[in-house]
Amino acid sequence: MLTENQISDLIAMRLPEKEARQYLLKLTPDKISLALLSSIVHAVRETCVDKSGVLTKLGHDAIDCCGTGGSGLSHFNTSTVVAFVLAAAGVKVVKFGNRAASGSSGSFDFLQALGIGFREAGGQSDPINEAEEIAGSCNLIFLYAPSFYPVLAEFAKLRKAVGVRTVFNFIGPLLNPTDPAYRLLGVSELQMQHLLATFLKQEDKTDLALVVRAENGLDELNPSGVNDLIYINKHDFRQTTFVGTTEIDIPQCESKLTVEDNAAIAQKIFSQADDSSIYFEMVALNAGAGLSLVGKADSIEDGRLMARKIIKDGLVQKKFEECKKVYGKFAKCSS
């Protein structure tokens with residue numbers, strides 16, 4: 001196991017490249033223990049730049065809905081669309097994300113394609129200085145990971161050069177600097193799902209979390225298949241399954257969805273032009289899980305029905321337009 005100093009030196013790129021590569025190869029999912037995961041997450045958190053001083057307050061009654069990625073499957077930005085649904089339902093959302101690492105449509109690539117404007121600071125989106133006002137205006141805050149962890153930018157180049165999945169592919173959702181009270185966390189790899197859930201239970205910073213994985217490898221709930229769920233709170237660690245009954249299968253595309261594809265799909269959902277596709281069902285189901293987690297619905301199924309109605313009533317379209325206007329205002333103010 002790597003020492004804390006070795007982990008810190010690795011993250012800060014203070015090691016010779018050959019040695020750093022050797023360390024990274026020791027951090028693949030099959031070699032990670034809970035102790036090592038904890039050391040790595042805490043070491044990365046130590047590098048966080050808190051620019052606002054309001055972060056913990058923002059997370060006090062908020063939810064983050066986020067996936068680790070890494071499924072290798074054609075990917076729709078379900079959790080980002082879910083964030084709009086939850087906000088439209090009156091839930092405060094503090095969503096932590098990034099641009100794509102291995103795919104083409106990270107959450108911030110997707111938001112940009114939807115026309116959500118962000119203030120650029122040193123080439124990095126940086127809306128956090130106005131976070132409190134944004135929260136009050138639209139109840140939905142998007143936090144851009146590199147704005148809080150700039151040290152990881154150079155490190156990401158090393159990870160890409162090594163070319164294998166490591167623990168760093170899975171810890172992104174754990175780095176949300178607001179420590180949100182609720183977490184809907186999707187994990188694509190079974191072993192890492194259990195490890196991240198155990199970490200959340202051990203850490204005791206989150207009031208309630210639901211860590212999900214579809215049996216086909218999606219890092220979210222699959223409405224047409226079997227899903228593994230782990231509920232965590234300060235007193236409980238409960239594993240269960242949820243079987244989606246939607247008859248539409250997720251398409252096995254030869255070419256992966258582009259960010260433009262995803263934006264077009266989302267716009268159809270927002271505008272109520274789509275109320276039956278697999279992507280609509282994915283959004284409704286995962287939003288339903290979020291609504292049940294925060295106590296807005298009695299169960300995932302009740303939440304799914306609630307989410308469908310919220311979308312069909314045009315409330316998500318209204319929330320999207322509201323967010324577009326609010327974020328556009330701050331983007332213009334900084335130009």
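The values are calculated or read from the model by the stated rules, or taken from the named source; none is laboratory data. Here the structure is a predicted model, which is why all the values come from computation and not from measurement. Every residue, glycine as well, gets a Cβ built from its backbone with ideal geometry; the counts of neighbours run over all protein chains shown.
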task: Look at segment 79-97 and say how many of its residues are part of a helix (DSSP H, G or I) and either more than 10 Å from the chain's Cα centre (by Cα) or closer than 18 Å to Glu132 by Cα (or both).
output: 8
query: Restricted to segment 189-216, and to residues that are out of contact with any strand residue (DSSP E or B) (no Cβ under 7 Å at 6 or more places or on another chain) and closer than 15 Å to Cys66 by Cα, which residue is modelled with the highest pLDDT?
result: Met192
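Got a number for residues in segment 187-241 being of a type in the set (Lys, Arg) and over 22 Å from Val294 (Cβ atoms)? Full working, then the answer.
The first filter runs over segment 187-241 and keeps only residues of a type in the set (Lys, Arg), leaving 201, 205, 213, 234, 238.
Restricting the remaining residues to those that are over 22 Å from Val294 (Cβ atoms) gives none.
The qualifying residues number 0.
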query: Going by the conditions given, is Ala307 assigned to a helix (DSSP H, G or I), on the phi < 0 side of the Ramachandran plot, small (Gly, Ala, Ser) and modelled with pLDDT of 95 or more?
result: yes
field: Leading residue by the ranking (farthest from Gly295 (Cα to Cα)) among those in segment 245-254 that are exposed (fewer than 12 other Cβ atoms within 10 Å of the Cβ) and among the charged types (D, E, K, R)
entry: Glu254
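Report, by residue number, each residue of segment 267-303 that is of a type in the set (A, V, I, L, M, F, W, C), closer than 18 Å to Thr80 by Cβ and assigned to a loop (DSSP other than H, G, I, E, B). I'd like the intermediate steps shown before the answer.
Of the residues in segment 267-303, the ones of a type in the set (A, V, I, L, M, F, W, C) are 269-270, 273, 278, 280, 282-285, 287, 289, 291, 293-294, 297, 300.
From what's left, closer than 18 Å to Thr80 by Cβ: 269-270, 278, 280, 282-285, 287, 289, 291, 293-294.
The one that is of a type in the set (A, V, I, L, M, F, W, C), closer than 18 Å to Thr80 by Cβ and assigned to a loop (DSSP other than H, G, I, E, B): Val294.
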- request: Tell me, please, whether a residue that is surrounded by fewer than 24 Cβ atoms within 10 Å (Cβ to Cβ) and closer than 19 Å to Asp30 by Cα can be found in segment 140-158.
  value: no
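Those residues that are under 27 Å from the mean Cα position of the chain (by Cα) and not charged (D, E, K, R), I need them from segment 3-16; list them, please.
Step one: list which residues in segment 3-16 are under 27 Å from the mean Cα position of the chain (by Cα), which gives 4, 7-13.
If the condition is that a residue be under 27 Å from the mean Cα position of the chain (by Cα) and not charged (D, E, K, R), then Ile7, Ser8, Leu10, Ile11, Ala12, Met13 are the ones that fit.
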query: Name the pairs whose Cβ atoms lie under 7 Å apart, with the first residue in segment 23-38 and touching a residue at least 24 places away in the same chain (Cβ under 8 Å), the second of a type in the set (Lys, Arg) and crowded, with 17+ Cβ neighbours inside 10 Å, and 6 or more positions between them or separate chains?
result: Leu24/Arg159; Thr28/Arg165; Pro29/Arg165
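For (1) aromatic (Phe, Trp, Tyr); (2) at pLDDT 95 or above; (3) surrounded by 17 or more Cβ atoms within 10 Å (Cβ to Cβ), each residue gets a yes or a no:
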{"position": "Val226", "(1), (2), (3)": "no, yes, no"}
{"position": "Ile230", "(1), (2), (3)": "no, yes, yes"}
{"position": "Asp236", "(1), (2), (3)": "no, no, no"}
{"position": "Val243", "(1), (2), (3)": "no, yes, no"}
{"position": "Lys256", "(1), (2), (3)": "no, no, no"}
{"position": "Asp261", "(1), (2), (3)": "no, no, yes"}
{"position": "Phe270", "(1), (2), (3)": "yes, yes, yes"}
{"position": "Met282", "(1), (2), (3)": "no, yes, yes"}
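Run down Lys329, Lys318 and say which single residue is in a helix (DSSP H, G or I) and without any contact (Cβ under 8 Å) to a residue 12 or more places away in the chain.
Values: Lys318 fails: without any contact (Cβ under 8 Å) to a residue 12 or more places away in the chain.
None of the other options fit; the residue is Lys329.
Matching residues to (1) within 26 Å of Leu315 (Cβ to Cβ); (2) surrounded by 17 or more Cβ atoms within 10 Å (Cβ to Cβ):
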position	(1), (2)
Gln191	no, no
Lys201	no, yes
Lys205	no, no
Gly217	no, no
Pro223	yes, yes
Asn233	no, no
task: Please find, within segment 19-50, the residue that is farthest from Gly70 (Cα to Cα) out of those that are polar (S, T, N, Q) and part of a loop (DSSP other than H, G, I, E, B).
output: Thr47
message: Going through Pro150, Pro173 one at a time, which residue ends up being assigned to a loop (DSSP other than H, G, I, E, B) and either of a type outside the set (A, V, I, L, M, F, W, C) or in contact with a helix residue (DSSP H, G or I) (Cβ under 8 Å, 6 or more places away or on another chain) (or both)?
response: Pro150
Among the candidates Ser8, Ser79, residue that is among the small types (Gly, Ala, Ser) and without any contact (Cβ under 8 Å) to a residue 40 or more places away in the chain: Ser8
Listing of strands (runs of 3 or more DSSP E) fully contained in segment 182-266 that carry 1 or more residues being within 20 Å of the chain's Cα centre (by Cα): 182-186, 208-214, 226-233
